[in-house]
1. Restricting attention to segment 38-81, report how many residues are closer than 21 Å to A303 by Cβ, charged (D, E, K, R) and in contact with a strand residue (DSSP E or B) (Cβ under 9 Å, 6 or more places away or on another chain).
2. Out of all the residues in segment 207-249, which are over 24 Å from P185 (Cβ atoms), out of contact with any Ser or Thr (no Cβ under 9 Å at 6 or more places or on another chain) and among the β-branched types (V, I, T)?
3. Only one of these conditions is not met by R239: (1) under 18 Å from D199 (Cα atoms); (2) modelled with pLDDT under 95. Which number is it?
4. Take the residues of segment 1-36 that are in contact with a Ser or Thr (Cβ under 7 Å, 6 or more places away or on another chain) and hydrophobic (A, V, I, L, M, F, W, C): which is farthest from A140 (Cα to Cα)?
5. Do we find that R21 is out of contact with any helix residue (DSSP H, G or I) (no Cβ under 9 Å at 6 or more places or on another chain), more than 22 Å from I262 (Cα to Cα) and either charged (D, E, K, R) or at pLDDT 95 or above (or both) in this structure?
6. Answer yes or no as to whether R219 is farther than 30 Å from L14 by Cα and of a type outside the set (S, T, Y).
7. Taking into account only those residues within segment 84-118 that are within 21 Å of L186 (Cβ to Cβ), free of Cβ contacts under 8 Å to residues at least 60 places away in the same chain and not β-branched (V, I, T), which is surrounded by the fewest Cβ atoms within 10 Å (Cβ to Cβ)?
8. Do we find a residue being part of a strand (DSSP E or B), farther than 17 Å from V30 by Cα and at pLDDT 95 or above anywhere in segment 64-78?
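The values are calculated or read from the model by the stated rules, or taken from the named source; none is laboratory data. Just so it is clear, the model here is predicted, and its values are computed rather than measured. Ideal geometry is used to build each Cβ from the backbone, glycine not excepted, and the neighbour counts take in all protein chains shown.
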Amino acid sequence: MAEIVTFGEAMIRLSPPRFQRLEQARCLEVEIGGAELNTAVGLARLGHAVAWVSVLPAHPLGRLIANRVRETGVDDRWVRFSQQGRCGLYFLEFGAAPRPTALWYDRQDSAMARLTPGQFDWDRIFEGARWFHVSGITPALSDGTAGAVMEALQAARRAQLTISLDLNYRARLWDRDKARQVLSPLIPYCQVLFASEADAEYLFGIQGESFVDIAAQWRQRFGVFTVIATRRESELVWRNRLAVIGANAEQVEESPWYEVEIVDRLGAGDAMAAGVIHGLLTGDLQKAVQYGAALAALKHTIAGDLPWINPEEVEATIRGDNLNIRR
């Protein structure tokens with residue numbers, strides 16, 4: 001029985017090795033990733049029982065994803081295999097300053113995008129669960145997935161789960177008018193909202209003199225309890241500084257800043273969400289931002305989208321242990 005349930009698409013990631021351009025490539029490295037799956041893996045690595053709900057094509061690429069999911073310890077019992085639709089792909093080209101890292105998506109007409117409401121028994125899926133997590137990417141895939149997200153949110157509310165939504169706006173999936181129209185009725189179901197200050201302003205015109213002001217407007221407009229955001233200072237492709245800040249009606253908490261040497265930054269925001277959810281389930285807002293920042297920082301050091309992180313590494317990062325070789 002799962003304590004936490006996440007819902008979203010996973011894709012196969014293809015990237016040329018050794019900083020090659022795609023047009024140079026003679027081979028491509030294979031990884032998998034998807035926002036809600038990445039978060040599920042982070043939570044499973046921290047010791048939680050996590051189930052991931054999705055649709056995969058009933059062919060070898062779908063089975064490849066399912067095999068990797070089981071390898072991480074995430075429960076895939078609710079994944080549906082469909083004869084309709086394809087496996088979403090995305091291509092990643094690693095950059096180095098002054099050339100940025102770039103992504104190209106090839107996910108149209110995927111098995112997940114063909115999903116319509118009524119295909120999952122959400123009441124059964126949520127039996128015994130405490131938390132439901134989804135991102136804004138899932139309702140962006142199609143009108144059918146948007147309806148399925150609403151259906152899941154309504155069932156999660158009936159089951160009295162805590163609900164979190166990572167806004168995760170992707171301009172290549174939908175324009176801001178469509179995003180605002182679809183997301184506006186979904187956000188009020190959520191107690192915890194992950195949203196950058198840039199997305200708050202771009203999508204909903206929410207701006208303020210401080211993060212506290214912005215969080216207060218999210219709460220007033222949509223009724224969310226807690227707002228979480230990542231703060232990032234990025235001067236080079238492979239070096240960053242980051243921290244996590246969170247606010248509710250009673251308090252504001254900010255993590256320490258981390259200097260990060262980047263191996264692969266994809267999935268860092270999803271790892272942050274896993275840390276925050278873990279912190280809120282086992283502690284308070286202060287613990288949530290500490291764990292969120294530590295997981296985000298560590299994910300930058302790991303190849304692929306999935307956060308192959310151990311709890312001991314997280315604790316060491318929070319303590320500020322030195323970087324001497326572990327022997």
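1. Of the residues in that region, 1 qualify.
2. V212
3. If we test R239 against (1) under 18 Å from D199 (Cα atoms); (2) modelled with pLDDT under 95, just (1) comes out false.
4. Looking at the filtered set, the residue picked out is L28.
5. Numbers: out of contact with any helix residue (DSSP H, G or I) (no Cβ under 9 Å at 6 or more places or on another chain): yes; more than 22 Å from I262 (Cα to Cα): no; either charged (D, E, K, R) or at pLDDT 95 or above (or both): yes.
The answer is no for R21.
6. yes
7. G118
8. yes
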